[in-house]
1. Of the residues that sit in region 111-127 and are among the basic types (K, R) and farther than 20 Å from K197 by Cα, which one is surrounded by the fewest Cβ atoms within 10 Å (Cβ to Cβ)?
2. Which one is surrounded by the fewest Cβ atoms within 10 Å (Cβ to Cβ) among residues in region 57-92 that are free of Cβ contacts under 8 Å to residues at least 12 places away in the same chain, charged (D, E, K, R) and assigned to a helix (DSSP H, G or I)?
3. Could you tell me whether region 27-43 includes any residue that is without any contact (Cβ under 8 Å) to a residue 12 or more places away in the chain and either buried (at least 16 other Cβ atoms within 10 Å of the Cβ) or over 25 Å from F192 (Cβ atoms) (or both)?
4. So which of V108, V95 is at pLDDT below 95, outside any helix (DSSP H, G or I) and surrounded by 17 or more Cβ atoms within 10 Å (Cβ to Cβ)?
5. Regarding region 154-172, can at least one residue be identified that is out of contact with any Gly (no Cβ under 6 Å at 6 or more places or on another chain) and without any contact (Cβ under 8 Å) to a residue 24 or more places away in the chain?
6. Residue under question is W150, and the condition is that it be part of a helix (DSSP H, G or I), surrounded by fewer than 22 Cβ atoms within 10 Å (Cβ to Cβ), under 15 Å from the mean Cα position of the chain (by Cα) and hydrophobic (A, V, I, L, M, F, W, C); does it hold?
7. Counting only residues that are aromatic (F, W, Y) and more than 19 Å from E213 (Cβ to Cβ), how many does region 159-201 have?
8. What residue, of I20, I48, is on the phi < 0 side of the Ramachandran plot, over 19 Å from the mean Cα position of the chain (by Cα) and of a type in the set (A, V, I, L, M, F, W, C)?
Amino acid sequence: MENKFHLTREQNVFIAKRNIVDYIWKSANLEGIGVTYPETQAIYDGGIVNGLTVDKIIAINNLKYAWQFILENRDIDYDFKVLLHIHKLTCDKLVLDNNLGKLRTTPVNIGGTTWKPQFPIESQIKKELAELLNQREKTKTEIAIEAMLWIMRRQMFIDGNKRVGMLFANKIMIDNGCGIITISQENQPTFFEKLIKFYESGDNTDLKKWIYETSIDGIDL
């Protein structure tokens, strides 16, 4: 799986900033936070949006802060601490403080399937993450997609796993000039269908290939 784009980090950051509201809007809807693009733009700009719940406004602002963290910090290891920090940023004021930036300690149910994720154990999560990131034979694009899907399926947090997975993956993508992973509105039903199959089987082959072919944004320079 070759890198689709070969950008400098500065070029990749420029592309991300130019399309940041679109990425936040798509990511929010992927997690079931129903907002329109104009509403997302207004919240991002600090405006007042009538008719939206406080939680939706907080969620959009949290995504804004998480993206700022990714774009403004280049010399940070992709490790367990960063994973927890991204969860803190994305879920601040949306989950109880004792769940914020921490591995979940209660069971979770996944909509659309009877499959249940195993409980996360810190030592095991750290080991799996390190193994994922140290696959020297794979490109950064492939590693980023695999890390994203692993985070989504592992369900290590009480909420926000898809947002955290995509943000963590895009930190890898942007730092290495590989473009940006973003799932368009029209592709989201197909994504969820494939995601459920991945949850149940543990085989990421089909979903990884589909994301690579349909859901990487960038510019050929």
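1. Applying the first criterion (among the basic types (K, R)) to region 111-127 yields 116, 126-127.
Okay, now just the ones that are also farther than 20 Å from K197 by Cα, so 126-127.
Values: K126: 14, K127: 11.
Going through the qualifying residues, I end up with K127.
2. Among them, the one singled out is E72.
3. Keep residues of region 27-43 that are without any contact (Cβ under 8 Å) to a residue 12 or more places away in the chain, which gives 32, 36, 38, 42.
Filter again for either buried (at least 16 other Cβ atoms within 10 Å of the Cβ) or over 25 Å from F192 (Cβ atoms) (or both), leaving 42.
Checking region 27-43: at least one residue is without any contact (Cβ under 8 Å) to a residue 12 or more places away in the chain and either buried (at least 16 other Cβ atoms within 10 Å of the Cβ) or over 25 Å from F192 (Cβ atoms) (or both).
4. Working: V108 fails: surrounded by 17 or more Cβ atoms within 10 Å (Cβ to Cβ).
Of the residues listed, the single one that is at pLDDT below 95, outside any helix (DSSP H, G or I) and surrounded by 17 or more Cβ atoms within 10 Å (Cβ to Cβ) is V95.
5. Within region 154-172, the first condition is being out of contact with any Gly (no Cβ under 6 Å at 6 or more places or on another chain), and the residues that meet it are 154-172.
Applying the additional criterion that residues be without any contact (Cβ under 8 Å) to a residue 24 or more places away in the chain yields 161, 165.
Yes, because at least one residue in region 154-172 is out of contact with any Gly (no Cβ under 6 Å at 6 or more places or on another chain) and without any contact (Cβ under 8 Å) to a residue 24 or more places away in the chain.
6. Working: part of a helix (DSSP H, G or I): yes; surrounded by fewer than 22 Cβ atoms within 10 Å (Cβ to Cβ): yes; under 15 Å from the mean Cα position of the chain (by Cα): yes; hydrophobic (A, V, I, L, M, F, W, C): yes.
Considered against the rule, which asks whether it is part of a helix (DSSP H, G or I), surrounded by fewer than 22 Cβ atoms within 10 Å (Cβ to Cβ), under 15 Å from the mean Cα position of the chain (by Cα) and hydrophobic (A, V, I, L, M, F, W, C), W150 comes out as yes.
7. Of region 159-201, the ones aromatic (F, W, Y) are 168, 191-192, 198-199.
Now restrict to residues that are more than 19 Å from E213 (Cβ to Cβ): 168, 199.
Looking only at that region, the number is 2.
8. Numbers: I20 fails: over 19 Å from the mean Cα position of the chain (by Cα).
Just one listed residue meets the conditions, I48.
The values are calculated or read from the model by the stated rules, or taken from the named source; none is laboratory data. In this text the structure is predicted, and so the values were computed from the model without any measurement. With ideal geometry, Cβ positions are generated from the backbone for all residues, glycine too; neighbour counts draw on all protein chains shown.
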